[in-house]
1. Among [x] 1.00; [y] 1.05; [z] 0.95, which is the computed Rg/Rh (Cα atoms, Kirkwood Rh)?
2. With the contact rule set at Cα under 8 Å and sequence spacing of 6 or more, what percent relative contact order holds for the range 269-341?
3. Between the DSSP loop rule and a limit of at most 13 other Cβ atoms within 10 Å, which trypsin sites (Lys or Arg not before Pro) in the range 166-238 are left?
4. Gain in length, residue 79 to residue 375, computed as 0.36 nm per residue apart minus the alpha-carbon separation, to one decimal in nm?
5. Shape of the range 194-252 from its Cα gyration tensor (a ≥ b ≥ c, root eigenvalues): rounded if a/c is under 1.5, otherwise prolate when a/b > b/c, or oblate?
6. Taking square-rooted eigenvalues a ≥ b ≥ c of the alpha carbon gyration tensor, is the range 161-313 rounded, prolate or oblate, where a/c under 1.5 means rounded and, failing that, a/b exceeding b/c means prolate?
7. Can you classify the range 10-160 as rounded, prolate or oblate using the Cα gyration tensor, where a ≥ b ≥ c are the square roots of its eigenvalues, rounded means a/c under 1.5, and otherwise it's prolate if a/b beats b/c and oblate if not?
8. Per residue of the range 241-258, in order, report the coupling 6.51 cos²θ - 1.76 cosθ + 1.60 (Karplus, θ = phi - 60°) as ³J(HN,Hα) in whole Hz, putting x for Gly and Pro.
Amino acid sequence: MIRLAGSGTFAALGTPNYRRYFTGQAISLMGTWMQTVGQAWLVLQMTGSGTALGLIMAAQFLPVLALAPYGGVLVDRADKRKLLIGTQTALGLLALALGLLTAGGLVELWMVVILAVLLGVVNAVDTPGRQAFALEMVGREQIRNAVTLNSLLVNGARAAGPAVAGILIATVGLGACFLVNAVTYVAVLAALGGMDRGALLPSTPALRARGQVREGLRYVRNTGGLLVPLLMVGLIGTLAFEFSVVLPVLAQRTFDGGAGTYALLTSAIGAGAIVGGLVTAGRRGTGVRALTRAALAFAVALGMAAAAPTLPIAVAALMVVGAASITFLATGNSTIQLTAEPAYRGRVMALWAVAFLGSTPIGAPIVGMVADALTPRSGLALGAIACLAAAGIGAVALAKGVRADGDPPATRGETVPAGSAPA
């Protein structure tokens with residue numbers, strides 16, 4: 001049974017600041033998914049190539065791979081709320097620029113590349129900032145629930161956003177996807193601006209010092225409870241989460257469909273993730289053992305989707321993929337957040353961004369080329385193999401004695417919410 005805010009599935013929504021943030025993100029993320037679908041379809045229309053689509057995705061996420069560790073240092077030093085106001089404003093302006101160019105019939109491929117790179121530069125700071133800010137809103141006791149609700153929100157938007165995008169593309173054109181996304185950033189900016197700052201639980205900002213990126217890398221390398229999950233997320237993020245590359249080609253070539261078919265496939269993942277997220281949000285399991293099980297389930301789901309012979313079966317299989325993916329992401333994210341010490345959290349979550357998003361410049365072209373050279377189904381199968389390999393990494397780590405559970409270590413310098421015991 002789903003319980004109301006304050007306990008169980010929606011516990012984190014009992015925190016007013018998080019509730020404001022959740023509402024703003026609900027609006028903004030729908031626009032983000034509209035832009036994701038619109039950009040993919042725009043590139044596919046321009047080039048007709050899965051490889052080109054993969055290269056555009058690589059251009060968008062290459063800055064995350066290169067700059068996120070430095071973005072993490074900035075997050076550790078800064079007021080995270082103010083930092084996010086800046087990054088969200090920049091993202092809104094980039095969406096506006098792409099929308100005006102597309103609606104005006106002026107857009108060319110090189111423009112899409114430049115805007116994709118700029119989007120990646122901003123996300124190199126915004127992504128670790130958002131991840132680290134979650135704990136400051138809700139505290140340690142509710143961080144796993146908040147992480148799962150965030151994932152639920154992303155995938156709810158994944159279900160609704162592409163459907164709206166498909167309608168807009170068919171009726172008023174691609175430019176509307178980007179223009180509407182630009183407007184939705186107003187909601188999250190209003191939420192950040194209206195927060196009760198006294199109710200936040202900020203960690204002590206890191207002082208400026210030389211070598212802080214290297215210091216963060218050494219910290220992760222020497223902490224098995226961080227290194228193993230990050231390796232697993234990196235492998236799966238590289239080859240299994242390239243849906244923006246595989247699904248447009250799958251819709252067009254395997255099922256002879258158009259933008260509506262692509263939107264349907266993307267929405268299926270989001271719908272499955274909603275169901276999976278509602279189940280996962282009420283659970284507390286974290287750690288390498290739980291993450292290994294989630295990777296195995298993800299592998300099975302992707303294998304089912306790759307083998308689906310018809311469009312209806314593919315939609316059903318992708319719903320299972322969505323449920324498995326949100327379980328893996330929520331388990332990995334909360335494990336890392338709870339294990340990381342407060343002084344390093346921005347840098348650790350920056351490495352999460354590198355593993356999950358920054359790996360796209362490597363994985364997207366590979367998956368795109370596999371889909372072109374073989375079949376789109378092969379791109380999904382490659383993701384299933386990556387999930388199996390990640391589960392193998394987890395199994396080996398457990399056999400070597402890496403801590404299996406998700407109980408966080410004793411922390412230093414972190415505020416604990418009133419009425420809560422340290423986790």
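1. Read-out from the structure maps to [z].
2. 53
3. Details: sites: 197, 208, 210, 214, 218, 221; in loops: 208, 210.
Here the trypsin sites (Lys or Arg not before Pro) that fit, given the DSSP loop and packing criteria, are 208, 210.
4. 101.9 nm
5. Details: a/c = 2.88, a/b = 1.51, b/c = 1.91.
Oblate is the answer for the range 194-252, as a/c is 1.5 or above yet b/c matches or exceeds a/b.
6. Oblate shape, in that a/c is at least 1.5 and b/c is the bigger or equal ratio.
7. Verdict is prolate for the range 10-160.
8. 9, 8, 5, 5, 8, 6, 5, x, 5, 4, 5, 6, 9, 7, 10, 6, x, x
Quick note: the coordinates plus some simple rules give every number you see, no bench work behind them. The structure displayed is predicted, hence computed values, not measured ones. Note that each Cβ is placed from the backbone with ideal geometry, even for glycine, and that neighbours are counted across all protein chains shown.
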